[in-house]
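J.: Below you will find the structure I want to go over with you.
The values are calculated or read from the model by the stated rules, or taken from the named source; none is laboratory data. Because the structure is a prediction, the values reported are computed rather than measured. We place every Cβ from the backbone using ideal geometry, glycine too, and count neighbours over all the protein chains shown. For accessibility, only protein heavy atoms count, side chains too; no ligands or nucleic acids. Shrake-Rupley method; radii C 1.70, N 1.55, O 1.52, S 1.80 Å.
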Amino acid sequence: MRTAYSVETVRTAERELMARLPEGALMQRAAAGLAAACADVLGRVYGSRVVLLVGSGDNGGDALYAGARLARRGAGVTAVLLAPGRTHAGGLAALLRAGGTAVEGGDGGPGTARDAVGRADLVVDGIVGIGGKGGLRPEAAALAESAADSRAVVVAVDLPSGVEADTGEVLGPAVCADLTVTFGTHKPALLIDPAREYAGSVRLVDIGLDLPDPPDLEALQHADVAARLPAPGAESDKYRRGVVGIAAGSARYPGAAVLAVAGALRGGAGAVRYVGPAADAVISRFPETLVSDLGPARAGRVQAWVVGPGAGDDASAVAEVLDADVPVLVDADGLRLADRATVRGRTAPTLLTPHAGEAAALLGVARESVERARLASVRELAALYGATVLLKGSTTLVADPGGGVVRVNPTGTAWLATAGSGDVLSGLAGSLLASGLSASDAGSVGAYLHGLAGRLAAEGAPVGAHDVAEAVRDAWRDVMG
């Protein structure tokens, strides 16, 4: 499990560790890890040109001490001091003793810091640490832009400067890194877009922090998913494995029903029961599906329902499903048609799976607000509806209504942004619900498999939703392998 902690938690752990260590030892640990990562990026340290963008405080100190280590190995290291009066004194002294040089971040004219950045092989971003708020100030922003325009590899110290550590928001100019070397634990911004896109690859350096349980965020890995996947036993039959009901599709959108059923058939449940106007299309594609035209309430026994994909304006089906005393996944049109009070009043688990536009409509805000603040949005929506919420998108998040750990999905590809992909995910996650997984596990495991299937199906080229559904089995085998 990959975990992330808030700034406050990290700061507390750092203080507790520093109280047990000699003065400066923790910074030296961080600097050693940072220097090693920079050396790996450079390949050949001797003769390379390194520029350190140094702000005030410990983040700049980490950069300076790492720069001193690189200078001792023969790199030409220049520190650009953005706050000369508040530069970490010990780090600066170490760099100068090792043969490095320092300049103040001037006005950007010839021979100044921007020229040094333009000639560098490596630029180290030590401008702002994890406590920074808001975007970069103009002088720092200009240097960050120069670094982005240069041929240098940009390495961020702990977090790209200018992003919000706890939320993943980017509220102004920020450093765009090729590599982020983070210390002790991941920070939420390294896992959540839009900030995640600024971090590049992430390298975690263990500095000995003793962190509490649970974390603020967690991301499942292969082993975590494998441990949660349902597996039939010797005495299993289709009913013991779970039956998932799919109430989806309409005359206008029969394909949504077909795709939701496709996802459900690959999600581990023993049977799929379909209810809706697209029965002919479903049966022609998947003859193993159990179909009914009696409506959800009289369709027969199920262990979970999926409602909403392509449903149009069929509010009665949504109401019948929400009235059932089994776990329910609500997606697409169902989100618009579901009564909030009814959802809050349910005693069985409910999983809502909106994309950013649907979440914005439910919250009464602009889509851009959700995309800018994904973590806050998923938590707010879960609390508002008293339900588990899977917020789809470039970073898929799963939050429970009672707060606590938010799960971040680490798999996926931009090629999944295609019509019907969400319908496949709905059926897949609904099938996992019917197999007995909790709403949080069904959502996060379903998103993990769906994202991995998207990668396997795409292989760098466009895919359709049906391709993703077909690749779920390969993703399942990959996880279990």
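J.: Between Thr12 and Asp474, what is the spin-label point distance in nm, taking each point 7 Å from the Cα along the Cα→C-beta axis?
T.: 4.5 nm
J.: Would you mind working out the accessible area per residue for the chain, using a 1.4 Å probe, and quoting it in Å²?
T.: On a per-residue basis, 40 Å².
J.: Once you have the Cα-Cα distance between Ala376 and Phe286, take 0.36 nm times their residue separation minus that, and quote the gain in nm to one decimal.
T.: 28.4 nm
J.: Could you compute how fast region 209-278 diffuses translationally, taking Rh as the Kirkwood radius over C-alpha pairs and applying Stokes-Einstein at 10 °C with viscosity 1.306 mPa s? Give it in µm² per second.
T.: 106 µm²/s
J.: Mind computing the radius of gyration and Dmax over the alpha-carbon atoms of region 260-384? Å is fine for both.
T.: 15.4, 43
J.: Summing +1 for each Lys or Arg and -1 for each Asp or Glu, what net charge is found among the other residues whose Cβ lies under 9 Å from the Cβ of Ala30?
T.: After counting each charged neighbour, the total is -2.
J.: Using every Cα-Cα pair within region 137-257, state what percent have a distance larger than 18 Å.
T.: 68 percent
J.: While we're looking at this one, here's another question. I'd like the chymotrypsin sites (Phe, Trp or Tyr not before Pro) in region 1-87 restricted to DSSP loop residues with at most 10 other Cβ atoms within 10 Å, sorted by number.
T.: Here the chymotrypsin sites (Phe, Trp or Tyr not before Pro) that fit, given the DSSP loop and packing criteria, are Tyr46.
J.: Once phi is turned into θ = phi - 60°, what whole-Hz ³J(HN,Hα) does the Karplus curve with 6.51, -1.76 and 1.60 give for every residue of region 464-481, x standing for Gly and Pro?
T.: Those phi angles translate into x, 4, 5, 5, 5, 4, 5, 7, 4, 4, 5, 5, 4, 5, 5, 5, 7, x Hz.
J.: Using a 10 Å cut-off on Cβ atoms, rank the peptides 273-285, 441-453 from the highest mean neighbour count down.
T.: Descending mean neighbour count gives 441-453, 273-285.
J.: Give me the orientation-averaged projected area of the Cα convex hull of region 348-481, in nm², one decimal.
T.: Here the figure is 7.9 nm², rounded to one decimal.
J.: Can you tally the net charge around Gly310? Count Lys and Arg as +1, Asp and Glu as -1, for every other residue whose Cβ sits under 12 Å from the Cβ of Gly310.
T.: Its environment carries a net charge of -4.
J.: Straight-line reach only, C-alpha to C-alpha below 18 angstrom: list the aspartates and glutamates that Lys238 could link to, leaving out same-chain residues fewer than 8 apart.
T.: Straight-distance partners of Lys238: Glu288.
J.: If packing is taken as the mean number of other Cβ atoms within 10 Å per residue, what is the order of 399-407, 387-395, highest first?
T.: 387-395, 399-407
J.: Moving on. Using the Karplus equation 6.51 cos²θ - 1.76 cosθ + 1.60 (θ = phi - 60°), what ³J(HN,Hα) coupling, rounded to whole Hz, does each residue of region 46-57 give in order, writing x for Gly and Pro?
T.: Calculated HN-Hα couplings, in order: 4, x, 6, 10, 10, 10, 9, 8, 10, x, 7, x Hz.
J.: Rg and Dmax of region 1-77, Cα atoms, in Å?
T.: Just the Cα atoms of region 1-77 yield Rg and Dmax of 14.4, 40 Å.
J.: Using each residue's phi in region 427-436, evaluate 6.51 cos²θ - 1.76 cosθ + 1.60 at θ = phi - 60° and report the 3J(HN,Hα) Karplus result to the nearest Hz, with x for Gly and Pro.
T.: Whole-Hz 3J(HN,Hα) from phi for region 427-436: x, 4, 5, x, 5, 5, 4, 5, 7, x.
J.: Could you work out the relative contact order of the chain, using alpha carbon pairs under 8 angstrom and six or more residues apart, expressed as a whole percent?
T.: Relative contact order of the chain: 12 percent.
J.: Would you work out what percent of the accessible area of the chain, with all protein chains in place, is carbon or sulfur (probe 1.4 Å)?
T.: 49 percent
J.: Can you give me the long-range amide H partners of Ser48? Hydrogens built in the peptide plane at 1.01 Å from N, cutoff under 5 Å, separation of 5 or more residues or another chain.
T.: Gly76
J.: Further, regarding this structure: Can you list the residues, at least 5 places off or on another chain, whose amide H is less than 5 Å from the amide H of Thr395, using H built in the peptide plane?
T.: Asp193
J.: Give the accessible area for His466 in Å² (nearest 10); use a 1.4 Å probe, count only protein heavy atoms, and leave out ligands, DNA and RNA.
T.: Taking all protein chains as shown, His466 has close to 110 Å².
J.: While we're on this one: Given the Cα-Cα distance of Val365 and Lys238 and 0.36 nm per residue of separation, how much length would full extension add, in nm?
T.: Length difference between fully extended and current span is 41.4 nm.
J.: Kindly work out what percent of the DSSP beta bridges joining two residues of the chain are antiparallel, to the nearest 5.
T.: Of the beta bridges lying entirely in the chain, close to 15 percent run antiparallel.
J.: Follow-up question, since we're still on this one. Straight-line reach from Lys133: which lysines have Cα under 22 Å away, leaving out those fewer than 8 places along the same chain?
T.: Excluding near neighbours in sequence, the set is Lys187.
J.: Shape verdict for region 12-153, please, from the Cα gyration tensor: rounded (a/c under 1.5), prolate (a/b greater than b/c) or oblate.
T.: Note, shape of region 12-153 comes out oblate.
J.: Which whole-number percent is the relative contact order of region 355-481 (Cα, under 8 Å, 6+ apart)?
T.: Taking the mean separation of contacting Cα pairs over the length of region 355-481, I get 19 percent.
J.: Based only on the alpha carbon positions, what is the Kirkwood hydrodynamic radius of the chain, in angstrom?
T.: The Cα-based Kirkwood calculation yields 24.0 Å.
J.: Which residue, chosen from Tyr274, Leu425, Ser236, occupies the Cα position most advanced towards the positive end of the dipole of the chain, where the dipole is computed from +1 (Lys, Arg) and -1 (Asp, Glu) charges on Cβ about the Cα centre?
T.: Working it through, the farthest residue towards the positive pole turns out to be Ser236.
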